[in-house]
1. Of all residues in region 383-404 being part of a helix (DSSP H, G or I) and touching a residue at least 24 places away in the same chain (Cβ under 8 Å), which is farthest from residue 418 (Cα to Cα)?
2. Could you go through region 266-280 and let me know if any residue there is open to solvent by less than 50 Å² (accessible area, probe 1.4 Å) and of a type in the set (S, T, N, Q).
3. Can you tell me which of 323, 357, 335 is surrounded by fewer than 16 Cβ atoms within 10 Å (Cβ to Cβ) and in contact (Cβ under 8 Å) with a residue 60 or more places away in the chain?
4. If a residue must be closer than 18 Å to residue 259 by Cα, part of a loop (DSSP other than H, G, I, E, B) and touching a residue at least 40 places away in the same chain (Cβ under 8 Å), how many such residues does region 274-312 contain?
5. Residue under question is residue 213, and the condition is that it be open to solvent by 60 Å² or more (accessible area, probe 1.4 Å), under 22 Å from the mean Cα position of the chain (by Cα) and not charged (D, E, K, R); does it hold?
6. Consider residue 204 carefully, then state whether it is among the hydroxyl-bearing types (Ser, Thr, Tyr) and at pLDDT below 85.
7. Has region 107-126 got any residue that is within 30 Å of residue 163 (Cα to Cα) and either modelled with pLDDT of 80 or more or more than 51 Å from the chain's Cα centre (by Cα) (or both)?
8. Condition first: among the aliphatic types (A, V, I, L, M) and either touching a Ser or Thr at 6+ places or on another chain (Cβ under 9 Å) or not in a loop (DSSP other than H, G, I, E, B) (or both). Now tell me which residues in region 168-197 satisfy that.
Amino acid sequence: SSGQPYPHWRSNWPLTMNLCLCPHPSVKITELNLTADLSFQPTAGLLFEVHNSSITVNFQRQLSSSYYDEGPINASAEGVNIHTALDLAKDEFGRLKISNVTCGASIAKMRAKFGGTLGRVYDFVATFLTTGMRFILNQQICPSLNHAALVLINQLLETIPVRAEVDKYVGIDYSLLSDPVVTGTSLDMDFRGMFYDLQNEKDTLVNYAVNPVVREYDRMIYLALSEYFFDSGLYSYFKGGVFRMHISNDRMPKDLEMLLRTTYFGAIMMLNPALMEAPISLELEVTSAPTSTIKTSGASVAVHSGVRVLALPPGKAPVQLSSMTMESKFNAKVSMRGKRLSIHLDLRRFKIFSNQSALESLALIPLQAPLKTMLQITVVPLINNYTKRGVRIPLPDGIDFIEEVVEYHNGYIIVGANLHFRSGLKELIERKQAGESDNADEH
């Protein structure tokens with residue numbers, strides 16, 4: 001959802017536009033002084049209006065008849081008024097597009113200065129010539145704007161990813177669920193916002209999350225993310241088999257290995273005394289898809305895991321000494337950089353208990369603190385290093401979020417931001433036509 005647009009802006013910049021006024025003309029708009037309004041048009045899309053502006057053009061004339069004449073023409077138009085309405089919709093792929101353009105344009109007054117061999121002769125009949133030129137320009141403005149919107153800007157919108165791979169395990173679907181809803185103050189778009197397992201794209205999570213409500217208007221754009229956005233990602237990674245880890249040898253802290261060997265001394269002696277010298281390892285596997293919880297106080301992720309304690313005799317199969325259940329809860333801090341959303345996890349709560357007996361659960365109490373420390377220094381940094389790259393949020397090439405603010409609500413998160421254009425619209429369109437892509441968000 002977008003906040004209120006900037007109600008008024010001015011532009012004074014060179015622009016080149018090719019208009020067919022004669023067999024091989026090149027009409028250059030060298031200066032464009034705009035007084036324009038960009039606003040939302042309820043039920044349709046965007047309304048772009050230019051009021052009482054001016055335009056300066058330069059082109060070459062060439063006349064071949066019984067005599068030959070050529071020379072420059074410098075013309076200026078005043079009282080330029082343009083009314084353009086852009087209708088927005090979703091295409092068959094769920095991508096935003098401009099579906100229709102309604103345009104009206106008029107020029108109140110035009111002046112021209114003729115140079116070249118017969119420049120003074122043309123100055124005598126300038127009134128008649130400028131009237132014709134004004135008519136031609138009037139006829140060319142709207143077709144040019146229609147082409148810019150329906151072709152060039154739509155090509156730029158096609159750079160927005162709606163379904164893409166996040167990594168080798170999961171993909172993400174950002175397709176629009178419906179046409180945009182436009183009010184007098186906002187443009188609201190509902191995206192699917194769903195992760196999926198690349199090996200089984202049809203196995204997705206059902207959405208029971210709270211529907212986000214955006215009421216803020218201080219920034220240019222607001223992105224609302226429900227618990228379903230995060231839960232579908234956790235579910236997809238779980239189904240992809242990512243949440244498995246084997247800790248042994250150099251990755252096993254020596255003091256923890258010694259404590260495990262002492263704790264399970266009796267089990268080792270009962271199974272096989274020869275295992276006393278075998279390395280000890282831990283095998284961690286998440287047993288159900290982790291779930292997220294978002295409240296006004298922050299976000300958290302609950303994880304249920306199974307832990308197997310194994311002895312690793314050289315040249316033989318691992319021997320299980322014990323199994324336990326581990327329940328952990330992580331604080332999740334959401335942040336936005338450029339156009340990538342990332343999450344940083346901190347271990348908040350940790351608990352282990354035996355799968356065999358309550359008595360063995362009591363014996364595991366001394367392992368609580370060392371295992372928690374092991375998770376904090378070994379497992380959590382690995383996860384954060386993996387998630388810090390983040391996932392791309394759908395924005396066109398050359399546009400980034402800046403001045404981001406994250407707000408936590410019951411059941412969803414809202415990220416508010418302003419937009420930074422690293423490139424002008426003309427440059428972005430030219431790069432798109434040249435087949436270049438925007439890779440700045442990858443770094």
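The values are calculated or read from the model by the stated rules, or taken from the named source; none is laboratory data. What you see is a predicted model; the values in this text were computed from it and never measured. Please note: Cβ atoms are built from the backbone with ideal geometry, for glycine as well, and neighbour counts cover all protein chains shown. Just so you know, the surface numbers come from the protein's heavy atoms only, side chains and all, with ligands and any DNA or RNA stripped out. Shrake-Rupley method; radii C 1.70, N 1.55, O 1.52, S 1.80 Å.
1. Keep residues of region 383-404 that are part of a helix (DSSP H, G or I), which gives 383-387.
So of that shortlist, the ones also touching a residue at least 24 places away in the same chain (Cβ under 8 Å) come out as 383-384, 387.
Details: 383: 29, 384: 27, 387: 24 Å.
Only one residue tops the list, namely 383.
2. Just the residues of region 266-280 that are open to solvent by less than 50 Å² (accessible area, probe 1.4 Å), to begin with: 266-268, 275-276, 278-280.
Filter once more, keeping what is of a type in the set (S, T, N, Q): none.
No, that holds for no residue.
3. Details: 323 fails: in contact (Cβ under 8 Å) with a residue 60 or more places away in the chain; 357 fails: in contact (Cβ under 8 Å) with a residue 60 or more places away in the chain.
Going through 323, 357, 335 in turn, the sole match is 335.
4. Count: 2.
5. Details: open to solvent by 60 Å² or more (accessible area, probe 1.4 Å): yes; under 22 Å from the mean Cα position of the chain (by Cα): yes; not charged (D, E, K, R): yes.
Yes; evaluated as a whole, the condition is true for this residue.
6. Numbers: among the hydroxyl-bearing types (Ser, Thr, Tyr): yes; at pLDDT below 85: no.
Criteria not met by residue 204.
7. Taking region 107-126 as the starting set, the residues that turn out to be within 30 Å of residue 163 (Cα to Cα) are none.
No, every residue in region 107-126 fails to be within 30 Å of residue 163 (Cα to Cα) and either modelled with pLDDT of 80 or more or more than 51 Å from the chain's Cα centre (by Cα) (or both).
8. Of region 168-197, the ones among the aliphatic types (A, V, I, L, M) are 170, 172, 176-177, 181-182, 187, 189, 194.
Of everything in region 168-197, those that are among the aliphatic types (A, V, I, L, M) and either touching a Ser or Thr at 6+ places or on another chain (Cβ under 9 Å) or not in a loop (DSSP other than H, G, I, E, B) (or both) turn out to be 170, 172, 176, 181, 182, 187, 189, 194.
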